[in-house]
Amino acid sequence: MYGLVNKAVEGLVRTRFGDAMWDRIRSDAGLPDEPFVSMEQYPDATTYALVGAATKALGVDAAAILREFGRYWMQYTAEQGYGELLRSAGRSLPEFLHNLDQLHTRVQLMFPHLQPPSFAVSDAHDHGLVLHYHSDRPGLAPLVEGLLDGLGRRFGLTLDVRHERVEAGRPHDRFHLRWTPAAATA
Ligand code: 1DX
C-alpha cells in the first residue's frame, strides 16, 4: 500500500497514545526509524505488521484498531491534501458510496500502483442501502466499518451498520446500512 496509509497509522498512534508508543510499535513491527513517504509503495505486510504490533502494545484486538483507523482515515486524508477529492465524491452518504470506485479510479490516474477495493451499492432507499465490498486484502472489514462511521459523522447522520460475510461464489463483505439525521447536540 502507498505510504499514506502507514503515515495515517502513525498519525493515529502519535495523536492518541504519544510518540513513545509509536516508537515502540514501529520497532516491535521490525521497521526502521525512517519516515514513511506518502507516494511510495510499501509491502502490505508492513501495514499488517504495524496493526499486529499495535494490538500487542495497546492490548486491544485488531478489529478495534482497524475500526479506529477507518474513522481516522476520513479526517487524515482531508488534512493531507485530499479534501477536494473527498468533496467531489459526493454531498450525501449514498452519493459518496455510489462514487467510491470513481474516486479510486481518479487516484489511480496519478498513482497507478493503487490496488483499490471495489464498492457497490444495492437496495438503496431513503434511509438505507446495502454496500458490497470486494478486496484482495484479507481481514479489513472492520476498517470499512470505521470508514462508514467516519462518513456518517461527515454527513451528520446517526448510522447503524450490520456486517455480513459472504463466502459463496466470490467471497466478499456486505454492510447493511440504516441512517437517521444525527440528534442535535446542545
Ligand atoms: F468508504 O484495500 C471512504 O495503496 C471509504 O480493502 C473508503 O492500494 C473513503 F498518494 C493518495 C494516495 C497516494 C490518495 F498515492 C490513496 F499515496 C484513497 C485518499 C482513497 C482518500 C486504497 C488506500 C488502496 C491505499 C483499503 C482501505 C482497504 C477507501 C483504504 C479507503 C478515500 C483507500 O478513501 C482495502 C493502496 C489516496 C486516497 C481515499 C486506499 C490503497 C475509502 C475512502 N482505502 C493514496
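The values are calculated or read from the model by the stated rules, or taken from the named source; none is laboratory data. All values derive from a computational prediction rather than experimental measurement. Quick reminder, even Gly has a Cβ in these numbers, built from the backbone with ideal geometry, and neighbours come from all protein chains shown. Protein only, heavy atoms only, side chains kept; ligands, DNA and RNA dropped before computing areas. Shrake-Rupley method; radii C 1.70, N 1.55, O 1.52, S 1.80 Å.
Quick one: what are the phi-derived ³J(HN,Hα) couplings along region 4-9, Karplus 6.51/-1.76/1.60 with θ = phi - 60°, whole Hz, x for glycine and proline?
The phi angles translate into 3, 5, 5, 5, 5, 4 Hz.
Give a residue-ordered list of calculated ³J(HN,Hα) values for region 105-110 (Karplus: 6.51 cos²θ - 1.76 cosθ + 1.60, θ = phi - 60°; whole Hz; x for Gly, Pro).
Using θ = phi - 60°, the values come out as 4, 5, 5, 5, 4, 8 Hz.
Take every Cα pair under 8 Å in region 1-152 that's 6+ residues apart, average their separations, divide by the length, and report that relative contact order as a whole percent.
On the way: 171 pairs, mean separation 37.9, N = 152.
Once normalised by length, the contact order is 25 percent.
Between Thr180 and Leu86, what is the label-to-label distance in nm when each label sits 7 Å out along the Cα-to-Cβ direction?
Output for this residue pair reads 2.6 nm.
To the nearest 20 Debye, how big is the dipole of region 40-153 about its Cα centre, given +1 on the beta carbon of each Lys and Arg and -1 on that of each Asp and Glu?
Magnitude of the dipole: close to 160 debye.
Check each of the GluC sites (Glu not before Pro) in region 96-186 and keep only those in coil by DSSP with at most 13 other C-beta atoms within 10 angstrom; list them in order.
Working: sites: Glu145, Glu164, Glu167; in loops: Glu167.
Answer in residue order: Glu167.
Per DSSP helix of 4 or more residues, -39500 (n - 2.57); summed, then divided by the residues of the chain. What does that give at 222 nm, rounded to the nearest 500?
So the calculated ellipticity at 222 nm is -15500 deg cm²/dmol.
With all protein chains present, how much of the accessible area of the chain (probe radius 1.4 Å) comes from carbon and sulfur, to the nearest whole percent?
Working: 5450 of 10290 Å².
Of all accessible area on the chain, carbon and sulfur atoms account for 53 percent.
If you plug each phi of region 67-80 into the Karplus form 6.51 cos²θ - 1.76 cosθ + 1.60 with θ = phi - 60°, what whole-Hz ³J(HN,Hα) values come out, in order, with x for Gly and Pro?
4, 5, 4, x, 4, 5, 4, 4, 6, 5, 5, 4, 7, 9
List, largest first, the extents of the alpha carbons of region 1-111 along their principal axes, each in whole Å.
39, 26, 21
Label points 7 Å out from Cα along the Cβ direction at Leu31 and Arg106: separation in nm?
With each label point 7 Å from Cα toward Cβ, the separation is 2.7 nm.
Rounded to whole Å and sorted largest first, list the principal axis extents of the Cα atoms in the chain.
49, 43, 36
Could you tell me whether region 88-186 comes out rounded, prolate or oblate from its Cα gyration tensor? Rule is a ≥ b ≥ c as square roots of the eigenvalues, rounded for a/c under 1.5, then prolate if a/b exceeds b/c, otherwise oblate.
Details: a/c = 1.95, a/b = 1.31, b/c = 1.49.
Since a/c reaches 1.5 but b/c is at least a/b, the shape of region 88-186 is classed as oblate.
How large is the accessible surface per residue of the chain, computed with a 1.4 Å probe and reported in Å² as a whole number?
On the way: 10290 Å² over 186 residues.
With all protein chains present, the chain gives 55 Å² per residue.
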